[in-house]
Amino acid sequence: MDFDIIIVGGGPSGLTAGIYASRAKAKVLIVNEGSIGGQMVLTHQIDNYPGVESVSGYQLSKTMRQQAKTFGCTIKTGVTLTNISLDGEVKSVELDGKQTFTAKSIIIATGGRSRNLNVKGEDEFKGKGISYCATCDGDFYRDMEIIVVGGGNSALEEAVSLTKYASKVTIVHQFDHFQGYQHAIDEAKAHSKINFMLESRIIEFIGTEKLEKVRIESLNSGEITEMSISGVFIFIGYVPQTEFLKDKLELNSWGEIVVDNNLQTNQKGVFAAGDARVTRTRQITTAVADGTVAALRALDYINQK
Amino acid sequence: MVLGTNLKHIETAAKHNEIINSTENVMVCCGRMGPMCLPVYDIMEDLEDEYTNVAFYDMLFDSPEAHVIRNAPECSNFMGLPFTVYYKNGKLVKATSSIQNRAQITTILDEYFS
Ligand SMILES: Cc1cc2nc3c(=O)[nH]c(=O)nc-3n(C[C@H](O)[C@H](O)[C@H](O)COP(=O)(O)OP(=O)(O)OC[C@H]3O[C@@H](n4cnc5c(N)ncnc54)[C@H](O)[C@@H]3O)c2cc1C
């Protein structure tokens, strides 16, 4: 066996599980796609993590990563999980289609990610007209016309923040009403640079070297129009990153992992922690609490063997 | 003005030119400390041990000196951070815009630098 415990996901829940398990002298591997810290690094300033007055998500991630490493955790980040085997006594993960690692127990801590539109051209124009981060890319669109897709708080708030740069922001949303807080809706509606295309959806991104236009379908009339546009920002919510577990673990209808009070899944020796599991509250504090519980129960499991 | 990563930083355009002209294989990630850039820095830090034939650097996008990358013709259509550029013997051989995963990066390293 290569490891006692493999943790899939290096956000706050996975890193905390790594800290607890490796401090208990278990041999632990954390495998992580994306950046260490998960959604935490999207947060410029965290003000509600007890004991820390105010900290950037990047700094908190860096500290948690260092703590896990200090206790002896092996961390592989930026990898792609190409296979996972959860049944039986020996569990395993395959990374980048090349390396396979085995363990007695696995903790799934894969959190959530922003949802893609899954529309033709979306991949092709990522970074060339399509963005998922207003603070990262907003200033490339100075004095240009852009679209924001979505109708929740993120879409409404980011649309307002993008008016700092763009000459005009059109919010394209599939329903006739918004899902955001009233103050966010009011602020967007009152803004002179923002206008709305409701009950509409983008069905294609078009361009040569970069995005030039989009095709938009009216969900009422079925009419399809083309609109010239420099940029599209997509904020259509978060989904649990559990697609790869579909036939391997019990998930609910939203794709969240079903667990018992010990965070054990329907597979013996497989635990789930943080935003990826069924829960109503998704915060850093709840993620680290889950990481703690999952690590301690995984240690119990391997010690009983 | 440098980024808060553990990578080696390029601070000036002159240093940038000196590095790419004196080193065979160079990868530079030019970005900010944002969610699209951080994963790329993380992967580069990890790859430093594996790809000893490549020099890995970052550069702060907002530094005026970063014009050498921002204004490279290969990046003219880019509208997403980070701008990641790959140089072989001083020549820019590949450039990407926005977040990239490990497999995308290693594919480029293997294609251009092996
Ligand atoms: C913009 C924003 C602001 C926020 N602000 C706050 C705040 O101020 N305070 C607060 O308490 N909470 C905040 N949150 C919520 C908080 O960040 C999350 O609840 C928390 O990060 C969840 O932790 P996690 O470890 O469960 O998952 P995540 O943080 O999502 O981490 C999961 C990790 O697993 C990786 N992963 C996914 N799939 C795989 C796979 N197949 N293989 C390997 N790795 C994988 C991901 O790349 C990621 O690194 C915010 C969230 C966002 C998006």
Within the range B:49-90, restricting to residues that are in contact (Cβ under 8 Å) with a residue 40 or more places away in the chain and of a type in the set (D, E, K, R), the one that is farthest from B:V2 (Cα to Cα) is B:K88
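Look at A:I234 and say whether it is under 22 Å from A:D137 (Cβ atoms), within 14 Å of chain B (Cβ to nearest Cβ), within 16 Å of the ligand (Cβ to nearest atom) and not polar (S, T, N, Q).
It is true that A:I234 is under 22 Å from A:D137 (Cβ atoms), within 14 Å of chain B (Cβ to nearest Cβ), within 16 Å of the ligand (Cβ to nearest atom) and not polar (S, T, N, Q).
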Filtering the range A:62-85 down to residues that are more than 14 Å from chain B (Cβ to nearest Cβ), out of contact with any helix residue (DSSP H, G or I) (no Cβ under 6 Å at 6 or more places or on another chain) and surrounded by fewer than 19 Cβ atoms within 10 Å (Cβ to Cβ) yields A:T70, A:N83, A:S85
Within the range B:71-110, residues over 17 Å from A:F125 (Cβ atoms), hydrophobic (A, V, I, L, M, F, W, C) and either within 12 Å of another protein chain (Cβ to nearest Cβ) or assigned to a strand (DSSP E or B) (or both) come out as B:V85, B:L92, B:V93, B:A103, B:I105
Across the range A:107-135, the tally of residues that are surrounded by 17 or more Cβ atoms within 10 Å (Cβ to Cβ), within 14 Å of the chain's Cα centre (by Cα) and within 23 Å of A:E209 (Cα to Cα) stands at 2
All conditions in (1) within 14 Å of chain A (Cβ to nearest Cβ); (2) within 20 Å of A:Y141 (Cβ to Cβ); (3) not in a strand (DSSP E or B) are true of B:C30 except (3)
The residue that is nearest to the ligand (Cβ to nearest atom), considering only those in the range A:93-106 that are modelled with pLDDT of 95 or more and over 23 Å from the mean Cα position of the chain (by Cα), is A:F101
Here the qualifying pairs (Cβ atoms under 9 Å; residues six or more apart or on different chains; first in the range A:98-115 and within 14 Å of another protein chain (Cβ to nearest Cβ); second more than 11 Å from the ligand (Cβ to nearest atom) and hydrophobic (A, V, I, L, M, F, W, C)) come out as A:S114/A:I234; A:S114/A:I236
- Meets criteria (in contact with an Asp or Glu (Cβ under 8 Å, 6 or more places away or on another chain), crowded, with 24+ Cβ neighbours inside 10 Å, not in a helix (DSSP H, G or I) and not β-branched (V, I, T)) for A:S13: no
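Please go through the range A:207-244 and pick out each residue that is over 25 Å from the mean Cα position of the chain (by Cα), of a type outside the set (A, V, I, L, M) and loosely packed, with under 15 Cβ neighbours inside 10 Å.
Quick first cut of the range A:207-244, residues over 25 Å from the mean Cα position of the chain (by Cα) only: A:207-210, A:212-230.
Add one more test, that the residue is of a type outside the set (A, V, I, L, M), and what stays is A:207-210, A:212-213, A:215, A:217-218, A:220-223, A:225-226, A:228, A:230.
Hits for the range A:207-244 are A:T208, A:E209, A:S218, A:N220, A:S221, A:G222, A:E223, A:T225, A:E226, A:S228.
Report yes if some residue within the range A:240-254 is more than 14 Å from chain B (Cβ to nearest Cβ), farther than 30 Å from A:S85 by Cβ and assigned to a loop (DSSP other than H, G, I, E, B); otherwise report no. Before you say what the answer is, go through the steps one by one.
Restricting attention to the range A:240-254, the residues satisfying the condition of being more than 14 Å from chain B (Cβ to nearest Cβ) are A:240, A:242-254.
Still in the list and also farther than 30 Å from A:S85 by Cβ: none.
For the range A:240-254, residues more than 14 Å from chain B (Cβ to nearest Cβ), farther than 30 Å from A:S85 by Cβ and assigned to a loop (DSSP other than H, G, I, E, B): absent.
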Regarding the range B:5-26, can at least one residue be identified that is in a helix (DSSP H, G or I), within 14 Å of another protein chain (Cβ to nearest Cβ) and in contact with a strand residue (DSSP E or B) (Cβ under 6 Å, 6 or more places away or on another chain)? no
The condition from (1) more than 10 Å from the ligand (Cβ to nearest atom); (2) in contact with a helix residue (DSSP H, G or I) (Cβ under 7 Å, 6 or more places away or on another chain) that A:L117 misses is numbered (2)
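Determine, yes or no, whether A:K189 is of a type outside the set (A, V, I, L, M) and closer than 21 Å to A:S131 by Cβ.
Details: of a type outside the set (A, V, I, L, M): yes; closer than 21 Å to A:S131 by Cβ: no.
No.
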From the option list A:G9, A:G111, A:G14, A:G34, single residue qualifying as near the ligand (Cβ under 7 Å from one of its atoms), in contact with a strand residue (DSSP E or B) (Cβ under 7 Å, 6 or more places away or on another chain) and on the phi > 0 side of the Ramachandran plot is A:G9
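Which members of the range A:137-157 meet the condition of being farther than 23 Å from A:T208 by Cα and surrounded by fewer than 23 Cβ atoms within 10 Å (Cβ to Cβ)?
From the range A:137-157, those farther than 23 Å from A:T208 by Cα are A:150-157; that's our starting set.
Within the range A:137-157, A:G152, A:N153, A:S154, A:E157 qualify.
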In the range A:176-206, residues that are surrounded by 15 or more Cβ atoms within 10 Å (Cβ to Cβ) and touching a strand residue (DSSP E or B) at 6+ places or on another chain (Cβ under 7 Å) total 12
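The values are calculated or read from the model by the stated rules, or taken from the named source; none is laboratory data. Keep in mind the model is a prediction, meaning the values are calculated, not measured. Quick reminder, even Gly has a Cβ in these numbers, built from the backbone with ideal geometry, and neighbours come from all protein chains shown.
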